[in-house]
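The values are calculated or read from the model by the stated rules, or taken from the named source; none is laboratory data. This is a predicted model, so every value here is computed, not measured. Cβ atoms come from the backbone with ideal geometry, glycine included; neighbour counts cover every protein chain shown.
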Amino acid sequence: MIEAFPIFLDALSFVLILVLVASGLVIVFGMMGIINLAHGELFLLGAYTVVVAQGFGAPFWLAAALAPIVVGVAGLAIEFLLVRFVVHRPLDTILATWGLSIVIKQLVVLAFGPGSHSVAVPIDGAFSVGEFSYPAYRIVLMIVATAVIAGAGYVLVGTRFGLLARAVIARPGTSASLGINTGRVTQVSFAIGAALAGLAGALVAPLISVDPQMGLGFLVPAFLAILVGGAGSMTGLVAGGGLVGGLDSVLGGWISPVLAQITVFVLAILVIRLRPGGLFPGRGRRP
């Protein structure tokens with residue numbers, strides 16, 4: 001029984017990071033109808049922000065706090081310089097964000113090289129109860145990720161900006177006719193989505209190799225979690241993230257990672273086939 005606890009906690013930490021990454025995608029897709037293929041690269045920018053900041057001697061937690069700010073500002077620039085010009089052409093947004101992802105990765109390669117970088121774990125030691133022991137940083141990561149996800153949910157549900165955002169999601173045309181600055185709301189939403197991805201990248205940097213390809217490993221599961229759970233629904237996002245991330249992580253500890261991923265993909269296909277709107281379909285974007 002004790003041997004199963006680390007597997008469960010590893011799965012939980014992966015699920016929370018996956019939900020954190022996917023929440024940015026949900027905000028951008030729900031608000032703007034954009035499938036942002038550069039979201040994984042925003043994730044890796046958060047990790048590289050930590051690498052750069054620590055190169056200047058900054059402690060990890062300061063670097064992690066800088067990451068969402070840096071990536072959020074990058075998100076503002078991306079929305080202002082690129083996204084707003086193609087937002088009403090879905091195919092063009094896919095091509096534009098895919099091209100942007102390639103550009104970001106190549107810029108990272110030019111700046112840091114194609115190799116991987118490591119970030120030291122900021123908290124040594126382990127949390128122990130009796131015979132059970134688990135790395136302390138992973139426990140802290142889960143607490144921070146849970147707090148950020150809950151905070152993002154509160155912003156969308158319990159604040160004036162969240163009310164405006166939900167109005168723009170449900171009826172963008174009507175919202176604009178009522179005097180809501182839909183452009184400003186979508187711009188801020190894109191920046192928030194980017195910042196969440198950057199924070200997730202910063203938090204996970206001590207646990208994996210930081211390299212130019214790291215974003216893809218989280219982008220695909222994040223999209224799967226959204227499709228399985230339901231686009232536009234935070235409840236669906238948590239359910240989809242739990243199903244996709246949890247199953248992948250648990251099965252990966254018992255069988256080969258390849259078979260685990262195949263099983264997750266097959267299950268996702270079945271869910272999408274039987275429930276095209278996901279397990280908890282949200283209210284879609286309307287004209």
Of the criteria (1) surrounded by fewer than 24 Cβ atoms within 10 Å (Cβ to Cβ); (2) within 18 Å of PHE29 (Cα to Cα); (3) in contact with a helix residue (DSSP H, G or I) (Cβ under 8 Å, 6 or more places away or on another chain), which one THR146 fails | (2)
Which residues, counting only those in region 113-134, are at positive phi and loosely packed, with under 11 Cβ neighbours inside 10 Å?
-> GLY125, GLY130
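Being over 18 Å from ALA11 (Cα atoms) and more than 17 Å from the chain's Cα centre (by Cα) is the requirement here; does PRO172 meet it?
Values: over 18 Å from ALA11 (Cα atoms): yes; more than 17 Å from the chain's Cα centre (by Cα): yes.
Against the criterion (over 18 Å from ALA11 (Cα atoms) and more than 17 Å from the chain's Cα centre (by Cα)), PRO172 qualifies.
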With criteria (1) in a helix (DSSP H, G or I); (2) surrounded by 13 or more Cβ atoms within 10 Å (Cβ to Cβ), LEU110 comes up short on (2)
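Here's the yes/no breakdown for (1) at pLDDT below 95; (2) assigned to a helix (DSSP H, G or I); (3) of a type in the set (A, V, I, L, M); (4) surrounded by fewer than 24 Cβ atoms within 10 Å (Cβ to Cβ):
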{"site": "PHE29", "(1), (2), (3), (4)": "yes, yes, no, yes"}
{"site": "ILE35", "(1), (2), (3), (4)": "yes, no, yes, yes"}
{"site": "ALA47", "(1), (2), (3), (4)": "no, yes, yes, no"}
{"site": "VAL50", "(1), (2), (3), (4)": "no, yes, yes, no"}
{"site": "VAL70", "(1), (2), (3), (4)": "no, yes, yes, yes"}
{"site": "LEU76", "(1), (2), (3), (4)": "yes, yes, yes, yes"}
{"site": "PHE80", "(1), (2), (3), (4)": "yes, yes, no, yes"}
{"site": "HIS88", "(1), (2), (3), (4)": "yes, no, no, yes"}
Of ALA167, ALA225, ALA191, the only residue that is within 23 Å of ASP10 (Cβ to Cβ) and either of a type in the set (Gly, Ala, Ser) or assigned to a loop (DSSP other than H, G, I, E, B) (or both) is ALA225
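Would you confirm whether or not region 135-143 contains a residue that is outside any helix (DSSP H, G or I) and buried (at least 17 other Cβ atoms within 10 Å of the Cβ)? Can you show your working first?
First pass over region 135-143, keeping only residues outside any helix (DSSP H, G or I): 135.
Checking which are buried (at least 17 other Cβ atoms within 10 Å of the Cβ) leaves us with 135.
Yes, that holds for at least one residue.
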